[in-house]
1. Could you name every one of the strands (runs of 3 or more DSSP E) located completely within the range B:319-358 that has at least 3 residues being modelled with pLDDT of 95 or more and surrounded by 15 or more Cβ atoms within 10 Å (Cβ to Cβ)?
2. Name the residues in the range B:36-55 that are at pLDDT below 90 and surrounded by 15 or more Cβ atoms within 10 Å (Cβ to Cβ), would you?
3. Report every pair of residues separated by at least 6 positions or lying on different chains whose Cβ atoms are under 6 Å apart, first residue within the range A:137-151 and more than 15 Å from residue A:168 (Cβ to Cβ), second surrounded by fewer than 20 Cβ atoms within 10 Å (Cβ to Cβ) and at pLDDT below 95.
4. Residues that are within 11 Å of chain B (Cβ to nearest Cβ), within 20 Å of residue B:184 (Cβ to Cβ) and within 13 Å of the chain's Cα centre (by Cα): which helices (runs of 4 or more DSSP H) entirely in the range A:62-164 hold 1 or more of them?
5. Within the range B:179-201, how many residues are buried (at least 22 other Cβ atoms within 10 Å of the Cβ), touching a strand residue (DSSP E or B) at 6+ places or on another chain (Cβ under 6 Å) and part of a helix (DSSP H, G or I)?
6. Scanning for something at negative phi and modelled with pLDDT under 90, does the range B:134-142 turn up at least one residue?
7. Scan the range B:156-187 for residues that are facing chain A (nearest Cβ under 9 Å) and either modelled with pLDDT of 90 or more or touching a helix residue (DSSP H, G or I) at 6+ places or on another chain (Cβ under 6 Å) (or both) and report the count.
8. Please determine, by comparing only the residues of the range B:114-155 that are part of a loop (DSSP other than H, G, I, E, B) and more than 8 Å from chain A (Cβ to nearest Cβ), which one is surrounded by the fewest Cβ atoms within 10 Å (Cβ to Cβ).
(Lines give C-alpha, C1' and ligand atoms only; values in the text may rest on other atoms or scores of the structure.)
Protein backbone atom coordinates (compact mmCIF):
# COMPACT_ATOMS: atom_id res chain seq x y z
CA UNK A 1 0.00 0.00 0.00
CA UNK A 2 1.24 3.48 -0.77
CA UNK A 3 2.15 4.96 2.55
CA UNK A 4 1.11 8.51 1.76
CA UNK A 5 -2.24 7.51 0.27
CA UNK A 6 -2.81 5.16 3.21
CA UNK A 7 -2.23 8.10 5.50
CA UNK A 8 -4.89 10.11 3.69
CA UNK A 9 -7.34 7.20 3.86
CA UNK A 10 -6.64 6.69 7.55
CA UNK A 11 -7.04 10.38 8.28
CA UNK A 12 -10.30 10.53 6.32
CA UNK A 13 -11.63 7.48 8.15
CA UNK A 14 -10.70 9.02 11.48
CA UNK A 15 -12.51 12.24 10.64
CA UNK A 16 -15.54 10.31 9.38
CA UNK A 17 -15.81 8.17 12.46
CA UNK A 18 -15.35 11.13 14.75
CA UNK A 19 -17.75 13.64 13.32
CA UNK A 20 -19.34 12.30 10.08
CA UNK A 21 -18.64 13.45 6.54
CA UNK A 22 -18.43 17.19 6.20
CA UNK A 23 -19.87 18.30 2.86
CA UNK A 24 -18.95 21.89 3.55
CA UNK A 25 -15.46 21.07 2.30
CA UNK A 26 -16.81 20.05 -1.11
CA UNK A 27 -15.51 22.47 -3.74
CA UNK A 28 -16.41 20.61 -6.92
CA UNK A 29 -12.87 19.55 -7.87
CA UNK A 30 -12.03 16.01 -9.02
CA UNK A 31 -10.33 15.48 -5.68
CA UNK A 32 -13.50 16.49 -3.86
CA UNK A 33 -15.57 14.07 -5.95
CA UNK A 34 -13.21 11.16 -5.27
CA UNK A 35 -13.19 11.90 -1.54
CA UNK A 36 -16.98 12.26 -1.52
CA UNK A 37 -17.58 8.98 -3.32
CA UNK A 38 -15.10 7.19 -1.08
CA UNK A 39 -17.01 8.49 1.91
CA UNK A 40 -20.31 7.27 0.44
CA UNK A 41 -18.86 3.75 0.28
CA UNK A 42 -17.22 3.84 3.70
CA UNK A 43 -19.99 5.51 5.68
CA UNK A 44 -23.16 6.06 3.63
CA UNK A 45 -25.28 6.91 6.68
CA UNK A 46 -23.02 9.80 7.69
CA UNK A 47 -22.83 11.12 4.14
CA UNK A 48 -26.61 10.86 3.68
CA UNK A 49 -27.21 12.89 6.83
CA UNK A 50 -24.62 15.45 5.80
CA UNK A 51 -26.23 15.65 2.36
CA UNK A 52 -29.70 16.23 3.80
CA UNK A 53 -28.30 18.99 5.97
CA UNK A 54 -26.40 20.47 3.01
CA UNK A 55 -29.43 20.87 0.75
CA UNK A 56 -30.09 24.23 2.37
CA UNK A 57 -26.66 25.56 1.37
CA UNK A 58 -26.79 28.84 -0.54
CA UNK A 59 -23.52 28.24 -2.36
CA UNK A 60 -24.38 26.43 -5.64
CA UNK A 61 -21.26 24.23 -5.55
CA UNK A 62 -21.78 23.12 -1.97
CA UNK A 63 -25.45 22.50 -2.71
CA UNK A 64 -24.51 20.44 -5.78
CA UNK A 65 -22.22 18.34 -3.57
CA UNK A 66 -25.14 17.71 -1.25
CA UNK A 67 -27.49 16.80 -4.09
CA UNK A 68 -24.90 14.51 -5.64
CA UNK A 69 -24.15 12.79 -2.34
CA UNK A 70 -27.86 12.31 -1.70
CA UNK A 71 -28.43 10.68 -5.09
CA UNK A 72 -25.71 8.14 -4.32
CA UNK A 73 -26.74 7.37 -0.74
CA UNK A 74 -30.52 7.96 -0.66
CA UNK A 75 -32.33 5.44 1.50
CA UNK A 76 -35.45 5.82 3.63
CA UNK A 77 -38.40 8.18 3.50
CA UNK A 78 -36.55 11.36 4.43
CA UNK A 79 -34.15 10.90 1.52
CA UNK A 80 -36.92 10.09 -0.94
CA UNK A 81 -38.93 13.12 0.17
CA UNK A 82 -35.86 15.31 -0.34
CA UNK A 83 -35.32 13.91 -3.83
CA UNK A 84 -38.96 14.51 -4.72
CA UNK A 85 -38.58 18.13 -3.56
CA UNK A 86 -35.57 18.50 -5.86
CA UNK A 87 -37.76 17.62 -8.86
CA UNK A 88 -39.13 21.15 -8.51
CA UNK A 89 -35.69 22.79 -8.53
CA UNK A 90 -34.99 25.45 -11.10
CA UNK A 91 -31.55 23.89 -11.68
CA UNK A 92 -31.39 21.27 -14.43
CA UNK A 93 -28.70 19.19 -12.74
CA UNK A 94 -30.67 18.95 -9.52
CA UNK A 95 -33.92 17.94 -11.26
CA UNK A 96 -32.31 15.30 -13.43
CA UNK A 97 -30.00 13.76 -10.83
CA UNK A 98 -32.95 13.53 -8.45
CA UNK A 99 -35.20 12.03 -11.11
CA UNK A 100 -32.58 9.45 -12.02
CA UNK A 101 -32.02 8.56 -8.36
CA UNK A 102 -35.75 8.15 -7.76
CA UNK A 103 -36.30 5.96 -10.81
CA UNK A 104 -33.33 3.77 -9.96
CA UNK A 105 -34.92 3.22 -6.54
CA UNK A 106 -38.31 2.27 -7.94
CA UNK A 107 -40.10 5.59 -7.40
CA UNK A 108 -42.08 6.44 -10.52
CA UNK A 109 -42.26 10.14 -9.69
CA UNK A 110 -38.88 10.45 -11.38
CA UNK A 111 -40.21 9.33 -14.74
CA UNK A 112 -41.97 12.54 -15.99
CA UNK A 113 -38.88 14.79 -15.64
CA UNK A 114 -36.87 12.23 -17.57
CA UNK A 115 -39.43 12.12 -20.38
CA UNK A 116 -39.43 15.92 -20.45
CA UNK A 117 -35.62 15.91 -20.74
CA UNK A 118 -35.71 13.75 -23.87
CA UNK A 119 -36.26 16.95 -25.87
CA UNK A 120 -33.46 18.93 -24.18
CA UNK A 121 -29.93 19.10 -25.55
CA UNK A 122 -28.76 21.34 -22.70
CA UNK A 123 -25.51 20.10 -21.13
CA UNK A 124 -26.03 19.06 -17.51
CA UNK A 125 -23.92 21.47 -15.47
CA UNK A 126 -21.06 20.28 -13.28
CA UNK A 127 -21.10 16.65 -14.41
CA UNK A 128 -17.94 14.97 -15.72
CA UNK A 129 -17.75 13.75 -18.39
CA UNK A 130 -20.24 16.22 -19.86
CA UNK A 131 -23.51 14.86 -21.12
CA UNK A 132 -26.68 16.39 -22.47
CA UNK A 133 -29.97 16.11 -20.63
CA UNK A 134 -31.42 13.79 -23.25
CA UNK A 135 -28.50 11.40 -22.84
CA UNK A 136 -29.07 10.94 -19.12
CA UNK A 137 -32.81 10.61 -19.67
CA UNK A 138 -32.39 8.11 -22.49
CA UNK A 139 -30.10 5.89 -20.40
CA UNK A 140 -32.34 5.99 -17.33
CA UNK A 141 -35.58 5.24 -19.19
CA UNK A 142 -34.05 2.34 -21.11
CA UNK A 143 -32.40 0.95 -17.96
CA UNK A 144 -35.42 1.11 -15.71
CA UNK A 145 -38.46 0.45 -17.91
CA UNK A 146 -39.43 -2.31 -20.31
CA UNK A 147 -40.34 0.18 -23.02
CA UNK A 148 -38.34 1.50 -25.95
CA UNK A 149 -40.42 3.44 -28.54
CA UNK A 150 -37.37 3.58 -30.81
CA UNK A 151 -35.20 5.21 -28.15
CA UNK A 152 -32.49 2.56 -28.15
CA UNK A 153 -31.90 3.11 -31.88
CA UNK A 154 -32.08 6.90 -31.60
CA UNK A 155 -28.62 8.37 -31.29
CA UNK A 156 -29.11 11.97 -32.43
CA UNK A 157 -30.96 14.57 -30.36
CA UNK A 158 -33.71 15.02 -32.94
CA UNK A 159 -34.36 11.28 -33.11
CA UNK A 160 -34.46 11.03 -29.32
CA UNK A 161 -36.83 14.01 -29.05
CA UNK A 162 -39.11 12.38 -31.62
CA UNK A 163 -39.84 9.54 -29.18
CA UNK A 164 -41.07 11.94 -26.48
CA UNK A 165 -44.76 11.85 -27.47
CA UNK A 166 -44.83 8.04 -27.32
CA UNK A 167 -43.25 8.06 -23.86
CA UNK A 168 -45.71 10.66 -22.59
CA UNK A 169 -48.66 8.66 -23.89
CA UNK A 170 -47.28 5.49 -22.35
CA UNK A 171 -46.83 7.13 -18.96
CA UNK A 172 -50.35 8.63 -18.99
CA UNK A 173 -51.84 5.21 -19.60
CA UNK A 174 -49.49 3.07 -17.49
CA UNK A 175 -48.85 5.34 -14.49
CA UNK A 176 -51.46 3.72 -12.26
CA UNK A 177 -50.44 0.16 -13.01
CA UNK A 178 -46.66 0.45 -12.88
CA UNK A 179 -44.90 -1.65 -10.28
CA UNK A 180 -41.20 -1.99 -9.51
CA UNK A 181 -39.46 -5.32 -10.08
CA UNK A 182 -36.43 -5.35 -7.73
CA UNK A 183 -34.89 -8.33 -9.53
CA UNK A 184 -34.57 -6.54 -12.86
CA UNK A 185 -34.64 -3.03 -11.37
CA UNK A 186 -37.28 -2.09 -13.93
CA UNK A 187 -40.83 -0.80 -13.87
CA UNK A 188 -43.29 -3.35 -15.24
CA UNK A 189 -46.98 -2.90 -15.88
CA UNK B 1 -6.53 32.32 24.28
CA UNK B 2 -3.53 32.13 21.95
CA UNK B 3 -3.10 28.41 22.69
CA UNK B 4 -6.77 27.76 21.97
CA UNK B 5 -6.30 29.42 18.59
CA UNK B 6 -2.97 27.72 17.89
CA UNK B 7 -4.28 24.17 18.27
CA UNK B 8 -6.83 24.38 15.44
CA UNK B 9 -4.23 26.15 13.28
CA UNK B 10 -1.72 23.36 13.85
CA UNK B 11 -4.40 20.74 13.17
CA UNK B 12 -5.35 22.55 9.98
CA UNK B 13 -1.71 22.63 8.85
CA UNK B 14 -1.38 18.93 9.60
CA UNK B 15 -4.54 18.25 7.59
CA UNK B 16 -3.09 20.17 4.63
CA UNK B 17 0.13 18.17 4.85
CA UNK B 18 -1.77 14.88 5.00
CA UNK B 19 -3.92 15.87 2.02
CA UNK B 20 -1.00 16.59 -0.32
CA UNK B 21 -1.31 14.31 -3.39
CA UNK B 22 0.63 11.07 -3.37
CA UNK B 23 4.29 11.15 -4.36
CA UNK B 24 5.73 8.95 -7.15
CA UNK B 25 4.96 5.36 -6.37
CA UNK B 26 6.05 2.96 -9.09
CA UNK B 27 4.82 1.83 -12.51
CA UNK B 28 1.23 2.64 -13.39
CA UNK B 29 0.06 3.35 -16.93
CA UNK B 30 2.83 1.77 -18.98
CA UNK B 31 3.99 1.91 -22.59
CA UNK B 32 5.68 -0.82 -24.63
CA UNK B 33 7.00 -0.57 -28.18
CA UNK B 34 7.34 -3.39 -30.70
CA UNK B 35 8.20 -2.37 -34.25
CA UNK B 36 5.74 0.39 -35.10
CA UNK B 37 3.14 -0.71 -32.54
CA UNK B 38 2.96 1.25 -29.28
CA UNK B 39 0.81 -0.41 -26.62
CA UNK B 40 -0.56 1.53 -23.65
CA UNK B 41 -1.49 -0.64 -20.67
CA UNK B 42 -3.82 0.91 -18.09
CA UNK B 43 -4.13 -1.25 -14.93
CA UNK B 44 -7.02 -0.34 -12.64
CA UNK B 45 -7.84 -1.71 -9.20
CA UNK B 46 -11.62 -1.39 -9.01
CA UNK B 47 -13.02 -1.48 -5.47
CA UNK B 48 -16.81 -1.76 -5.28
CA UNK B 49 -17.19 -2.77 -8.98
CA UNK B 50 -20.32 -4.87 -9.27
CA UNK B 51 -20.71 -7.58 -11.88
CA UNK B 52 -24.47 -7.35 -12.29
CA UNK B 53 -26.57 -5.64 -14.95
CA UNK B 54 -23.90 -4.97 -17.57
CA UNK B 55 -24.62 -5.76 -21.22
CA UNK B 56 -22.40 -5.67 -24.28
CA UNK B 57 -23.18 -3.88 -27.56
CA UNK B 58 -25.36 -6.84 -28.63
CA UNK B 59 -27.37 -6.82 -25.42
CA UNK B 60 -25.77 -9.94 -23.97
CA UNK B 61 -24.93 -10.08 -20.25
CA UNK B 62 -21.30 -9.28 -19.60
CA UNK B 63 -19.18 -9.00 -16.45
CA UNK B 64 -18.49 -5.54 -15.06
CA UNK B 65 -14.77 -6.09 -15.62
CA UNK B 66 -15.20 -6.86 -19.33
CA UNK B 67 -17.79 -4.12 -19.81
CA UNK B 68 -15.39 -1.44 -18.62
CA UNK B 69 -12.39 -2.92 -20.43
CA UNK B 70 -14.23 -3.45 -23.72
CA UNK B 71 -15.96 -0.08 -23.70
CA UNK B 72 -12.70 1.85 -23.43
CA UNK B 73 -10.66 -0.41 -25.71
CA UNK B 74 -13.27 -0.48 -28.48
CA UNK B 75 -13.70 3.30 -28.45
CA UNK B 76 -9.99 4.08 -28.56
CA UNK B 77 -8.68 1.19 -30.69
CA UNK B 78 -11.30 1.78 -33.40
CA UNK B 79 -9.91 5.30 -33.70
CA UNK B 80 -6.25 4.28 -33.47
CA UNK B 81 -6.79 1.87 -36.38
CA UNK B 82 -7.28 4.83 -38.73
CA UNK B 83 -5.34 7.51 -36.88
CA UNK B 84 -1.65 6.65 -36.34
CA UNK B 85 0.74 8.89 -34.44
CA UNK B 86 3.50 9.70 -36.96
CA UNK B 87 4.88 6.21 -37.77
CA UNK B 88 3.22 4.47 -34.87
CA UNK B 89 0.08 2.43 -34.50
CA UNK B 90 -1.20 2.94 -30.96
CA UNK B 91 -3.04 0.22 -29.05
CA UNK B 92 -4.88 0.42 -25.71
CA UNK B 93 -5.04 -2.47 -23.24
CA UNK B 94 -7.18 -1.81 -20.14
CA UNK B 95 -6.88 -4.24 -17.25
CA UNK B 96 -9.61 -3.86 -14.64
CA UNK B 97 -9.26 -5.86 -11.44
CA UNK B 98 -12.48 -5.99 -9.37
CA UNK B 99 -11.71 -5.50 -5.69
CA UNK B 100 -13.76 -5.47 -2.47
CA UNK B 101 -15.15 -2.08 -1.35
CA UNK B 102 -12.52 -1.61 1.34
CA UNK B 103 -9.56 -2.43 -0.93
CA UNK B 104 -6.79 0.07 -0.37
CA UNK B 105 -4.48 1.62 -2.99
CA UNK B 106 -1.35 -0.25 -3.97
CA UNK B 107 1.67 0.47 -6.12
CA UNK B 108 1.41 -0.45 -9.77
CA UNK B 109 -2.29 0.16 -10.45
CA UNK B 110 -4.60 3.10 -10.51
CA UNK B 111 -7.29 2.96 -7.85
CA UNK B 112 -10.82 3.76 -9.00
CA UNK B 113 -13.74 3.33 -6.66
CA UNK B 114 -17.05 2.50 -8.36
CA UNK B 115 -20.44 3.78 -7.30
CA UNK B 116 -24.06 4.03 -8.41
CA UNK B 117 -24.14 7.77 -9.02
CA UNK B 118 -23.56 9.64 -12.25
CA UNK B 119 -20.31 10.80 -13.82
CA UNK B 120 -16.68 10.05 -13.12
CA UNK B 121 -13.55 11.78 -11.94
CA UNK B 122 -9.80 11.10 -12.03
CA UNK B 123 -7.42 12.88 -9.68
CA UNK B 124 -4.60 14.38 -11.75
CA UNK B 125 -3.12 17.75 -12.60
CA UNK B 126 -5.20 19.75 -15.10
CA UNK B 127 -4.37 19.61 -18.81
CA UNK B 128 -2.34 17.00 -20.69
CA UNK B 129 0.17 15.42 -18.35
CA UNK B 130 2.53 12.45 -18.00
CA UNK B 131 1.40 12.12 -14.37
CA UNK B 132 -0.49 8.78 -14.80
CA UNK B 133 2.67 7.23 -16.31
CA UNK B 134 4.76 8.33 -13.36
CA UNK B 135 2.59 7.43 -10.40
CA UNK B 136 -0.65 5.70 -9.65
CA UNK B 137 -3.62 7.96 -9.23
CA UNK B 138 -7.18 7.51 -8.07
CA UNK B 139 -10.68 8.25 -9.20
CA UNK B 140 -14.37 7.60 -8.73
CA UNK B 141 -16.52 6.30 -11.58
CA UNK B 142 -20.29 6.06 -11.52
CA UNK B 143 -22.81 4.84 -14.06
CA UNK B 144 -20.99 5.74 -17.29
CA UNK B 145 -21.79 5.13 -20.95
CA UNK B 146 -19.09 3.62 -23.22
CA UNK B 147 -18.10 7.11 -24.37
CA UNK B 148 -17.92 8.26 -20.76
CA UNK B 149 -15.71 5.30 -19.88
CA UNK B 150 -13.43 6.11 -22.82
CA UNK B 151 -13.25 9.73 -21.60
CA UNK B 152 -12.18 8.65 -18.11
CA UNK B 153 -9.60 6.19 -19.46
CA UNK B 154 -8.36 9.08 -21.60
CA UNK B 155 -7.49 10.80 -18.32
CA UNK B 156 -5.55 7.71 -17.22
CA UNK B 157 -3.59 8.01 -20.49
CA UNK B 158 -2.74 11.59 -19.49
CA UNK B 159 -5.23 13.61 -21.52
CA UNK B 160 -6.86 16.59 -19.87
CA UNK B 161 -10.41 17.84 -20.15
CA UNK B 162 -11.18 19.96 -23.20
CA UNK B 163 -14.05 21.76 -21.51
CA UNK B 164 -14.81 23.71 -18.42
CA UNK B 165 -17.80 24.86 -16.42
CA UNK B 166 -18.41 28.54 -15.79
CA UNK B 167 -19.34 29.81 -12.34
CA UNK B 168 -23.01 29.39 -13.20
CA UNK B 169 -22.33 25.76 -14.11
CA UNK B 170 -22.62 26.21 -17.87
CA UNK B 171 -20.34 24.13 -20.13
CA UNK B 172 -17.77 25.74 -22.41
CA UNK B 173 -15.16 24.18 -24.73
CA UNK B 174 -11.41 24.74 -24.43
CA UNK B 175 -10.26 26.58 -27.58
CA UNK B 176 -11.42 24.71 -30.69
CA UNK B 177 -11.64 21.31 -29.01
CA UNK B 178 -15.34 21.26 -28.20
CA UNK B 179 -16.07 18.50 -30.68
CA UNK B 180 -13.84 15.81 -29.24
CA UNK B 181 -14.12 13.00 -26.72
CA UNK B 182 -12.33 14.86 -23.95
CA UNK B 183 -14.85 17.69 -24.24
CA UNK B 184 -18.12 15.90 -24.64
CA UNK B 185 -17.80 12.11 -24.19
CA UNK B 186 -20.51 10.37 -26.23
CA UNK B 187 -21.12 13.32 -28.52
CA UNK B 188 -17.40 13.78 -29.12
CA UNK B 189 -14.93 12.12 -31.44
CA UNK B 190 -11.31 11.00 -31.28
CA UNK B 191 -9.62 12.93 -34.06
CA UNK B 192 -6.03 13.21 -35.26
CA UNK B 193 -5.39 16.15 -32.95
CA UNK B 194 -6.33 14.06 -29.90
CA UNK B 195 -4.12 11.17 -31.09
CA UNK B 196 -1.22 13.58 -31.68
CA UNK B 197 -1.57 15.02 -28.18
CA UNK B 198 -1.52 11.50 -26.78
CA UNK B 199 1.47 10.65 -28.97
CA UNK B 200 3.40 13.62 -27.63
CA UNK B 201 2.84 12.29 -24.11
CA UNK B 202 4.00 8.83 -25.21
CA UNK B 203 7.16 10.32 -26.73
CA UNK B 204 7.94 11.87 -23.34
CA UNK B 205 7.51 8.69 -21.30
CA UNK B 206 8.72 6.00 -23.71
CA UNK B 207 11.90 5.58 -25.73
CA UNK B 208 10.21 5.61 -29.11
CA UNK B 209 12.42 4.48 -32.00
CA UNK B 210 13.29 6.83 -34.88
CA UNK B 211 10.36 7.65 -37.14
CA UNK B 212 11.18 8.66 -40.71
CA UNK B 213 8.33 10.00 -42.78
CA UNK B 214 8.18 11.31 -46.31
CA UNK B 215 7.49 10.44 -49.90
CA UNK B 216 8.79 8.50 -52.86
CA UNK B 217 7.74 10.14 -56.15
CA UNK B 218 7.92 7.71 -59.04
CA UNK B 219 7.66 7.78 -62.79
CA UNK B 220 7.22 4.43 -64.53
CA UNK B 221 8.93 4.50 -67.95
CA UNK B 222 10.27 2.37 -70.79
CA UNK B 223 8.69 -0.98 -70.26
CA UNK B 224 8.69 -3.86 -72.74
CA UNK B 225 5.73 -6.12 -73.28
CA UNK B 226 4.80 -8.60 -76.00
CA UNK B 227 8.04 -7.80 -77.87
CA UNK B 228 7.00 -4.20 -78.16
CA UNK B 229 8.80 -1.24 -76.70
CA UNK B 230 6.23 0.59 -74.66
CA UNK B 231 6.21 3.24 -72.03
CA UNK B 232 4.01 4.35 -69.19
CA UNK B 233 3.92 7.96 -68.19
CA UNK B 234 2.20 7.19 -64.91
CA UNK B 235 3.31 9.24 -61.94
CA UNK B 236 2.89 7.75 -58.47
CA UNK B 237 3.42 9.23 -55.03
CA UNK B 238 4.13 6.87 -52.15
CA UNK B 239 3.72 7.99 -48.55
CA UNK B 240 6.36 6.32 -46.35
CA UNK B 241 6.41 5.77 -42.59
CA UNK B 242 9.55 3.97 -41.47
CA UNK B 243 10.46 2.93 -37.94
CA UNK B 244 14.17 2.34 -37.28
CA UNK B 245 15.04 0.18 -34.29
CA UNK B 246 18.16 0.96 -32.24
CA UNK B 247 20.05 -1.80 -34.12
CA UNK B 248 19.07 -0.40 -37.53
CA UNK B 249 16.20 -2.68 -38.52
CA UNK B 250 13.67 -0.84 -40.64
CA UNK B 251 9.97 -1.67 -40.66
CA UNK B 252 7.01 0.34 -41.70
CA UNK B 253 4.27 1.00 -44.18
CA UNK B 254 3.93 2.65 -47.58
CA UNK B 255 0.82 3.76 -49.44
CA UNK B 256 1.09 4.39 -53.17
CA UNK B 257 -1.42 6.51 -55.11
CA UNK B 258 -1.42 7.24 -58.82
CA UNK B 259 -1.40 10.90 -59.77
CA UNK B 260 -2.35 10.21 -63.37
CA UNK B 261 -5.36 7.99 -62.83
CA UNK B 262 -4.15 5.07 -64.97
CA UNK B 263 -1.05 3.03 -65.72
CA UNK B 264 -1.77 2.47 -69.42
CA UNK B 265 1.11 1.36 -71.63
CA UNK B 266 1.63 3.28 -74.87
CA UNK B 267 3.63 1.16 -77.34
CA UNK B 268 5.73 2.14 -80.33
CA UNK B 269 3.31 0.43 -82.71
CA UNK B 270 0.65 2.85 -81.55
CA UNK B 271 -1.18 0.31 -79.43
CA UNK B 272 -2.49 1.52 -76.06
CA UNK B 273 -2.79 -1.23 -73.44
CA UNK B 274 -5.06 -0.12 -70.60
CA UNK B 275 -4.12 -0.79 -66.98
CA UNK B 276 -5.66 0.55 -63.78
CA UNK B 277 -3.90 3.25 -61.77
CA UNK B 278 -1.28 2.09 -59.28
CA UNK B 279 -2.81 1.88 -55.83
CA UNK B 280 -1.00 -0.10 -53.18
CA UNK B 281 -0.60 -0.54 -49.47
CA UNK B 282 2.80 -2.09 -48.77
CA UNK B 283 4.84 -3.31 -45.85
CA UNK B 284 8.39 -2.03 -45.84
CA UNK B 285 11.42 -3.95 -44.58
CA UNK B 286 15.13 -3.27 -44.59
CA UNK B 287 17.97 -1.75 -42.65
CA UNK B 288 19.55 1.63 -42.04
CA UNK B 289 23.25 2.37 -41.69
CA UNK B 290 24.88 5.69 -40.91
CA UNK B 291 24.97 6.52 -44.60
CA UNK B 292 22.04 4.73 -46.25
CA UNK B 293 18.63 3.13 -46.01
CA UNK B 294 18.12 -0.15 -47.88
CA UNK B 295 14.43 -0.90 -48.15
CA UNK B 296 12.18 -3.32 -50.02
CA UNK B 297 8.43 -3.16 -50.54
CA UNK B 298 6.05 -6.05 -49.85
CA UNK B 299 2.62 -5.30 -51.32
CA UNK B 300 -0.45 -6.35 -49.41
CA UNK B 301 -3.32 -7.95 -51.29
CA UNK B 302 -5.53 -5.84 -53.51
CA UNK B 303 -2.84 -3.77 -55.19
CA UNK B 304 -3.44 -2.39 -58.68
CA UNK B 305 -1.36 -1.00 -61.54
CA UNK B 306 1.49 -2.47 -63.52
CA UNK B 307 4.78 -0.67 -64.22
CA UNK B 308 5.30 0.86 -60.81
CA UNK B 309 4.39 -2.32 -58.99
CA UNK B 310 6.57 -4.66 -61.04
CA UNK B 311 9.52 -2.28 -60.86
CA UNK B 312 9.29 -1.75 -57.13
CA UNK B 313 7.63 -4.70 -55.45
CA UNK B 314 8.73 -7.86 -57.21
CA UNK B 315 10.83 -9.96 -54.80
CA UNK B 316 13.65 -9.94 -57.36
CA UNK B 317 13.97 -6.15 -57.19
CA UNK B 318 17.04 -5.11 -55.22
CA UNK B 319 16.62 -3.03 -52.06
CA UNK B 320 16.13 0.65 -52.74
CA UNK B 321 19.21 2.58 -51.51
CA UNK B 322 18.39 5.95 -50.02
CA UNK B 323 21.36 8.11 -48.96
CA UNK B 324 21.21 9.67 -45.49
CA UNK B 325 22.15 13.30 -46.07
CA UNK B 326 21.86 14.62 -42.52
CA UNK B 327 20.95 13.21 -39.09
CA UNK B 328 17.34 14.09 -39.80
CA UNK B 329 17.17 13.87 -43.60
CA UNK B 330 17.51 11.21 -46.28
CA UNK B 331 16.84 11.51 -49.96
CA UNK B 332 17.93 11.14 -53.54
CA UNK B 333 16.92 9.57 -56.79
CA UNK B 334 17.12 5.85 -57.49
CA UNK B 335 16.18 3.87 -60.58
CA UNK B 336 14.43 0.70 -59.59
CA UNK B 337 14.81 -2.05 -62.18
CA UNK B 338 13.23 -5.45 -62.60
CA UNK B 339 16.19 -7.80 -63.27
CA UNK B 340 14.44 -9.63 -66.14
CA UNK B 341 14.66 -6.41 -68.13
CA UNK B 342 12.24 -3.82 -69.30
CA UNK B 343 10.36 -2.69 -66.25
CA UNK B 344 11.79 0.14 -64.29
CA UNK B 345 10.78 3.32 -62.55
CA UNK B 346 12.63 6.41 -61.45
CA UNK B 347 12.05 7.09 -57.74
CA UNK B 348 12.84 10.29 -55.90
CA UNK B 349 12.93 9.92 -52.12
CA UNK B 350 12.51 12.68 -49.57
CA UNK B 351 12.48 11.51 -45.93
CA UNK B 352 12.71 13.42 -42.67
CA UNK B 353 12.98 12.42 -39.03
CA UNK B 354 11.54 15.33 -37.00
CA UNK B 355 12.59 13.91 -33.64
CA UNK B 356 16.12 12.84 -34.68
CA UNK B 357 17.59 16.27 -33.94
CA UNK B 358 16.92 17.58 -30.43
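1. Working: elements: B:320-326, B:329-337, B:344-352.
Strands (runs of 3 or more DSSP E) meeting the threshold: B:329-337, B:344-352.
2. Here is the first cut: in the range B:36-55, the ones at pLDDT below 90 are B:36, B:50-55.
Passing the criteria: B:36, B:54.
3. A:142/A:152; A:144/A:186; A:146/A:186; A:146/A:188
4. Working: elements: A:77-86, A:92-104, A:111-117, A:133-144, A:157-161.
Once the helices (runs of 4 or more DSSP H) in the range A:62-164 are filtered for at least 1 residues that are within 11 Å of chain B (Cβ to nearest Cβ), within 20 Å of residue B:184 (Cβ to Cβ) and within 13 Å of the chain's Cα centre (by Cα), what remains is A:92-104, A:133-144.
5. Selection size over the range B:179-201: 2.
6. If we filter the range B:134-142 for residues that are at negative phi, which is where we start, we get B:134-142.
Now restrict to residues that are modelled with pLDDT under 90: none.
No: zero hits.
7. Adding up the residues that qualify gives 7.
8. Within the range B:114-155, the first condition is being part of a loop (DSSP other than H, G, I, E, B), and the residues that meet it are B:119, B:123-130, B:135-137, B:144-145.
Restricting the remaining residues to those that are more than 8 Å from chain A (Cβ to nearest Cβ) gives B:125-130, B:135, B:137.
Values: B:125: 13, B:126: 10, B:127: 12, B:128: 17, B:129: 16, B:130: 15, B:135: 21, B:137: 25.
Here the residue is B:126.
The values are calculated or read from the model by the stated rules, or taken from the named source; none is laboratory data. Note that this is a predicted model, so its numbers are computed, not measured. Positions of Cβ are generated from backbone atoms using ideal geometry, with glycine treated the same way; all protein chains shown enter the neighbour counts.
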